[in-house]
1. It is to be established whether one or more residues within segment 177-189 are within 24 Å of residue 15 (Cα to Cα) and buried (at least 18 other Cβ atoms within 10 Å of the Cβ).
2. Can you find even one residue in segment 104-121 that is polar (S, T, N, Q) and without any contact (Cβ under 8 Å) to a residue 40 or more places away in the chain?
3. Step by step: first the residues of segment 94-103, then only those that are in contact (Cβ under 8 Å) with a residue 12 or more places away in the chain and either small (Gly, Ala, Ser) or closer than 10 Å to residue 80 by Cβ (or both), then the one that is surrounded by the most Cβ atoms within 10 Å (Cβ to Cβ). Which residue is that?
4. For segment 211-223, how many residues are in contact with a strand residue (DSSP E or B) (Cβ under 8 Å, 6 or more places away or on another chain), polar (S, T, N, Q) and either touching a residue at least 24 places away in the same chain (Cβ under 8 Å) or not in a loop (DSSP other than H, G, I, E, B) (or both)?
5. Restricting attention to segment 168-210, which residues are among the charged types (D, E, K, R), within 16 Å of the chain's Cα centre (by Cα) and not in a strand (DSSP E or B)?
6. Do any residues in segment 53-76 that are more than 21 Å from residue 9 (Cβ to Cβ) and surrounded by fewer than 19 Cβ atoms within 10 Å (Cβ to Cβ) have Cβ atoms under 6 Å from those of residues that are at pLDDT 95 or above and among the polar types (S, T, N, Q), where the two are at least six apart or on different chains, and which pairs are they?
7. For segment 99-111, indicate whether the set of residues that are among the aromatic types (Phe, Trp, Tyr) and at pLDDT below 95 is non-empty.
8. Go through segment 148-168 residue by residue and tally those that are without any contact (Cβ under 8 Å) to a residue 60 or more places away in the chain and either acidic (Asp, Glu) or surrounded by fewer than 17 Cβ atoms within 10 Å (Cβ to Cβ) (or both).
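The values are calculated or read from the model by the stated rules, or taken from the named source; none is laboratory data. Keep in mind it's a predicted model, so treat the numbers as computed, not measured. Cβ placement follows ideal geometry from the backbone for every residue including glycine, while neighbour counts extend to all protein chains displayed.
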Amino acid sequence: MPNAPIHLIQLTDLHLCETPADILQSGVNTDVTLSAVLKQIAARKQQPDLLVATGDLVQQPLATVYERLQHYFAMLSSPVYTLCGNHDDPVLASRLLNQGNVNYCGDLLLKKWHLIFLDSSQPGRVDGELPASELLRLEQLLKHSAAQYMIVFLHHPPLKIHSQWMDRIRLKNGDALFAVIDRYPQVRTVVFGHIHQQFESTRGEIRLIGTPSTSIQFKPGTDQMVLDTLPPAYRSFELYDDGAFNTSIEWL
């Protein structure tokens, strides 16, 4: 009898503010929307095996905001893995989001799957870049892992999503990322945030997946930033022992 699949939830672009408030004059309070998302997850019949929060965890990278986020995550029964986006401070995040059920970056072996969390944030920049140290860490994990299947998580999309303003602030060295993962066919998917919209593409056998925000969404295919009217969301995954997986967007 096959094992039960791994249930994984991706949250992204939480954008918690210094005090609970909206962003971009949207009228959307990011604490309220995150609380609603976490409440919806907690009400699921089957609780996730883990949550992954893929960056822009806060809007202002202050210790008090990360502490508030840690409090939200501590109320969950599932382990949480976090990584940074362009709004985050990796030094603060690694110190304040690395206790209890909350973990910062790193990687995780889970049954036949290996989940790898990368930091693509760069100080003072909106676009992303993976430093040589992260690419080397990725290479070493892929090379030596005993797992049969891999997922790579990061904040910035490593490819164009056909939205001109967003494509200017994507991962600048996506080719370097692909140069590594193309050598390892066990990589099943690359999962990211940053774009505040649903996206999916392929590169050979690898699926490239972007996820809407727990706060506001951006309209796809635009030359400049345009807010969408879609509600907050998160992504659900089911990972199977044979390397297959299902994924869907859950909207509030």
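1. no
2. No, that holds for no residue.
3. Selected residue: 97.
4. 3
5. Listed by number, the list holds a single entry, 170.
6. none
7. Taking every residue of segment 99-111 in turn, at least one turns out to be among the aromatic types (Phe, Trp, Tyr) and at pLDDT below 95.
8. 4
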